[in-house]
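In what follows, a single structure is set out as structure tokens and then discussed.
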Amino acid sequence: MPSLVNKLRDAFFGRHVWITNTVTSGGLFAIGDAAQQQIEKYQHGDKDTAFDYNRNDILSDKGQVSVFECISRSYQPFSFH
């Protein structure tokens, strides 16, 4: 009987790799924006500035959408070549 780890690996890195790529890209965009906000906060010397969750959410969404667009453009279910 396959273990839970093997089932998850097959599901997310086999049949549904586009979901994994989309979620990973959104997460990396969010992490990158959080780091950039911290850099901007310390470069300007404004330690009282709050973290901008709206900006972080927008960039996370952009990361997910950009990967989804790339994947959907490269996917051709009916190729007549």
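The values are calculated or read from the model by the stated rules, or taken from the named source; none is laboratory data. Just so you know, these numbers come straight off a predicted model, no measurement behind them. Positions of Cβ are generated from backbone atoms using ideal geometry, with glycine treated the same way; all protein chains shown enter the neighbour counts.
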Name the one entry in LYS47, LYS62 that is within 9 Å of the chain's Cα centre (by Cα), basic (Lys, Arg) and modelled with pLDDT under 90. LYS62
Search region 1-57 for residues being of a type in the set (S, T, N, Q) and not in a helix (DSSP H, G or I), and hand back the single one that is nearest to PHE68 (Cα to Cα). SER3
Counting only residues that are assigned to a helix (DSSP H, G or I) and of a type outside the set (A, V, I, L, M, F, W, C), which one in region 65-81 is modelled with the lowest pLDDT? SER74
Listed by first then second residue, the pairs whose first member lies in region 36-64 and is closer than 23 Å to VAL23 by Cα and free of Cβ contacts under 8 Å to residues at least 60 places away in the same chain, whose partner is surrounded by 13 or more Cβ atoms within 10 Å (Cβ to Cβ) and among the charged types (D, E, K, R), with beta carbons under 6 Å and at least 6 positions apart or on separate chains, are ASN56/ASP33; LEU59/ASP33
